[in-house]
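Structure, as structure tokens:
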Amino acid sequence: MTEILPFLKELISAPGISGYESGVRPLIEKAWEPVTDKMSLSRLGSLHGFQQGTGPEPRPSILVAAHMDAIGLMVNALIDGFLRVTSIGGIDTRVLPGQMVTVHGRQDLPGMIVPTPARLLPFNAQDTVVPLEYLLVDVGLLPDEVATLVRVGDPISFAQPPVETAGGTLVGHTLDDRAAIAALTHCLEMLHSRPHMWDVWAVATVQEEVTYGGGLTSAFQLRPSLAVSIDVTFASSPGSPSHLSFPLGKGITLEWGPNTHPVLYKALKELAERLEIPVCLEPVPTESGTDTYAMQVVAEGIPNVVIGIPLRYMHTPAEMVALKDITRAGRLVAEFISQLDEKFLDKLTWED
Amino acid sequence: MTKATREIHLPQIGDEQLKLLERLSNACAVSGDEGEVRKIVLEEVRPYTDEVKVDTLGNVLATKRSSVERPLRVMVAAHMDEVGLMLTSDEGEGIYRFESVGGTSVYDFSGKVMWVGKEHLPGVIGLKPIHLLEPAEIKRQFTVDSLRLDVGPATGKVKIGDRAAFATPFIRQGPSLRGKALDNRLGVAILIELVKHTSPLIELQAAFTVQEEIGLRGARVAAFSLNPDMALILDSTPAYDLPTWDVDENVRYNTRLGSGPAIYVADSGTLYDPRLVRYLVETAKAHGIPYQVRQPGGGGTDAGAIHKQRVGVPSVSISVPGRYHHSPAAIVRLSDWQHTMNLVAIALIHLTSKVLDGER
């Protein structure tokens, strides 16, 4: 079994902003190789890992998605050796000043995000959050060196190193959604050593943070009977509304709303209760901000469910996750898959 | 090169000096809690000084006597402390309220990892996720009061009263160095080298001061105790040599990286002694050392407290320019550090009481 903590630290230390996931993908391939029957890549770069079921053909299949892309930045101008940047994914400008990054130029360069000094701005920086267009990246090199090594369009990753915090928690960037990649890996490892009738497609999707492109296209290509997204959700934390967040390290969530199938929700909830895995209902009244939002409407439609791993400080370079919740998410999906039988699909009806 | 510089041994920055700066930068010494840096300083200077004491505020005062009679007594000061925070309230489950120590902006703490307490335990200052912000909140200014430090959901070693500093490991990058608290570990590192290499003509009174960031309090009592004839303050001053928002000419740069040591003429606390300013400028010119005059106005150094001590102490400040001080890391140039060290070392070697001849 892959140990979650070192694997996850390795995963979040690898680059892979949306559209540029090739930095992290080999680490996932390496972990999945011993526990899958075959692997392939989608045209957009998502990784597909296949575990064949034991049921008679035609076998139903389940797709389990976790996205491997990260939010980040991209160079959009060079000025006197400094870089101006744009965001890739939902970046919170408030946390950027003073943040360490890696600029993926002709070589990787350590950089630091800095605000234009207050005295050089056209407005009073005391009154407002300094917008992204007034932030710069300083890589500590002379302008000539920067011009040689960096081009407009180069991706930029956060460089906050992983930090183990108290109570079995880990702090770092891109735990959204590499924590779910770790959960999915845990799930594959459990399923590898026990029989399951259904075929399983584990998918490390690309571009979730920007376009949902990976989830959309892999679901179409693989055309599963059911799909599950594992993603992070809001953990209770200072400043977060308590009615929209869930305790950290005390269990996982099951999404309830228009993007998820009520029967699937119920099946997972009942199973979790039987297994004594703590789960909370997570009401999502409109849009699930996960691959499920895309996968539900692929082809003629796919029944979906979302498993949430509570995470503090989402979309900052210092997110916090509890390792226990990652194991819980992986285990619940594995247990669910191993009890799927030929008749399960018949139960997915609307009882109205 | 003049005869004098050929004869003396100028301190050079090599692996040993870089390693020392790295140790100093990675050590945590938030104002009032300078012990970790003090320990390094004492270790380094003890073998080279005639008298070392730690005073009641925690300043390290190290004196190196002269071989001449009635030497010029020169106080050279560098502050050991840095900006950071103190935990002020325990809200349970590893969550702490805090107050900032020294001049920082709320953004310096937002989304950052900190080293807490003497063991450098990790803690994070998170923000409410962007997804949960009201549209107006995204641009709204907020305060340190609204932030919390989170060490993880367990009770343990962290407690109210602990200080925390930015968790930024020191690195070298091409011509630059990046690390936390380079304001003023650069000054501390230079002063340590000066203690190790100074000529015996003057009496060197090395003062590694505390509490500079919260009101120059260590320097004030250090200058009283040492009662020097003059003072030279080593610090690191901001370089605002970045592009302006509209990429127009930047005429408010304060100092620039790569342009050598920054000599102070006036800041918000001190009108520097023109005789000493002139002496530093002439020394730099005579020895071909690049230098820059820090744009007058704003800011300040320990000189603000020292020059008004007792009957007055003629003072001058000299800084290594650095970008992004008081934030999780500063970026400085190795060459500026070397040139600053050279200029101060040569200036001290040639310094006699003549420099103060004539009225101010």
Tally up the residues in the stretch B:95-112 that are modelled with pLDDT under 95 and in a loop (DSSP other than H, G, I, E, B), please. 3
Exactly one of B:174, B:187, B:156 is outside the structural domain of residue B:113 (by TED's automatic domain parsing) and surrounded by fewer than 20 Cβ atoms within 10 Å (Cβ to Cβ), and that one is B:174
Take residue B:212 and decide whether it is surrounded by fewer than 24 Cβ atoms within 10 Å (Cβ to Cβ), farther than 30 Å from residue A:134 by Cα, in the same structural domain as residue B:278 (by TED's automatic domain parsing) and not aromatic (Phe, Trp, Tyr). no
Any idea which of A:138, A:144, A:177 is under 23 Å from the mean Cα position of the chain (by Cα) and among the acidic types (Asp, Glu)? A:177
Condition (residue is over 23 Å from the mean Cα position of the chain (by Cα) and either more than 25 Å from residue A:214 (Cα to Cα) or crowded, with 22+ Cβ neighbours inside 10 Å (or both)) applied to the stretch A:93-104: is it met by at least one residue? yes
Can we say residue A:174 is at positive phi and either crowded, with 20+ Cβ neighbours inside 10 Å or more than 8 Å from chain B (Cβ to nearest Cβ) (or both)? yes
Return the total of residues in the stretch A:118-134 being at the interface with chain B (Cβ under 7 Å from one of its Cβ atoms), in contact (Cβ under 8 Å) with a residue 12 or more places away in the chain and within 18 Å of residue A:79 (Cα to Cα). 2
Residues within the stretch A:300-352 that are part of a helix (DSSP H, G or I) and free of Cβ contacts under 8 Å to residues at least 12 places away in the same chain, tallied: 1
Which of the strands (runs of 3 or more DSSP E) contained wholly in the stretch A:1-94 include at least 2 residues that are closer than 30 Å to residue A:117 by Cα? A:72-79, A:82-88
Among (1) surrounded by 20 or more Cβ atoms within 10 Å (Cβ to Cβ); (2) assigned to a loop (DSSP other than H, G, I, E, B), where does residue A:152 come up short? (1)
Looking only at strands (runs of 3 or more DSSP E) that fall completely inside the stretch A:184-265, which ones have 1 or more residues that are within 14 Å of another protein chain (Cβ to nearest Cβ) and within 22 Å of residue A:280 (Cβ to Cβ)? A:226-234
Of the residues in the stretch A:106-117, those that are part of a loop (DSSP other than H, G, I, E, B), touching a helix residue (DSSP H, G or I) at 6+ places or on another chain (Cβ under 9 Å) and facing another protein chain (nearest Cβ under 9 Å) number 1
Restricted to the stretch B:281-308, and to residues that are outside any loop (DSSP other than H, G, I, E, B) and not aliphatic (A, V, I, L, M), which residue is farthest from residue B:10 (Cα to Cα)? B:304
Qualifying residue in the stretch A:59-68 (condition: hydrophobic (A, V, I, L, M, F, W, C), surrounded by 15 or more Cβ atoms within 10 Å (Cβ to Cβ) and under 18 Å from residue B:257 (Cα atoms)): no
Can you tell me how many residues in the stretch A:270-316 are of a type in the set (Lys, Arg) and surrounded by 18 or more Cβ atoms within 10 Å (Cβ to Cβ)? 1
So, in the stretch B:231-264, how many residues would count as being in a strand (DSSP E or B) and touching a strand residue (DSSP E or B) at 6+ places or on another chain (Cβ under 6 Å)? 9
Criterion first (touching a strand residue (DSSP E or B) at 6+ places or on another chain (Cβ under 7 Å) and more than 10 Å from chain B (Cβ to nearest Cβ)) does residue A:169 satisfy it? no
Any residue at all in the stretch A:54-70 that is in contact with a Gly (Cβ under 7 Å, 6 or more places away or on another chain) and at positive phi? no
Restricting to the stretch A:118-149, name every residue that is in a helix (DSSP H, G or I), within 30 Å of residue B:106 (Cβ to Cβ) and out of contact with any helix residue (DSSP H, G or I) (no Cβ under 8 Å at 6 or more places or on another chain). A:118, A:119, A:120, A:133, A:134, A:146
Out of curiosity, is residue A:94 touching a residue at least 24 places away in the same chain (Cβ under 8 Å), of a type in the set (D, E, K, R) and within 14 Å of another protein chain (Cβ to nearest Cβ)? yes
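Conditions (1) exposed (fewer than 15 other Cβ atoms within 10 Å of the Cβ); (2) within 7 Å of chain A (Cβ to nearest Cβ); (3) more than 28 Å from the chain's Cα centre (by Cα); (4) among the small types (Gly, Ala, Ser), marked per residue:
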{"residue": "B:89", "(1), (2), (3), (4)": "yes, no, yes, yes"}
{"residue": "B:104", "(1), (2), (3), (4)": "no, no, no, no"}
{"residue": "B:110", "(1), (2), (3), (4)": "no, yes, no, yes"}
{"residue": "B:115", "(1), (2), (3), (4)": "no, no, no, no"}
{"residue": "B:122", "(1), (2), (3), (4)": "no, yes, no, no"}
{"residue": "B:141", "(1), (2), (3), (4)": "yes, yes, yes, no"}
{"residue": "B:144", "(1), (2), (3), (4)": "no, no, no, no"}
Just checking, does the stretch A:278-288 include any residue being in contact (Cβ under 8 Å) with a residue 40 or more places away in the chain, of a type in the set (Asp, Glu) and in contact with a Lys or Arg (Cβ under 9 Å, 6 or more places away or on another chain)? no
I'd like to check something: does the stretch A:207-228 contain any residue that is touching a Pro at 6+ places or on another chain (Cβ under 6 Å), under 29 Å from residue A:312 (Cα atoms), surrounded by fewer than 24 Cβ atoms within 10 Å (Cβ to Cβ) and of a type in the set (Ser, Thr, Tyr)? no
Residues satisfying the stated conditions in the stretch A:253-297, i.e. of a type in the set (Val, Ile, Thr) and under 24 Å from residue A:217 (Cα atoms): A:260, A:284, A:286, A:290, A:292, A:297
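The values are calculated or read from the model by the stated rules, or taken from the named source; none is laboratory data. The structure displayed is predicted, hence computed values, not measured ones. Because the Cβ atoms are built from the backbone with ideal geometry, glycine has one as well, and the counts that use them run over all protein chains shown.
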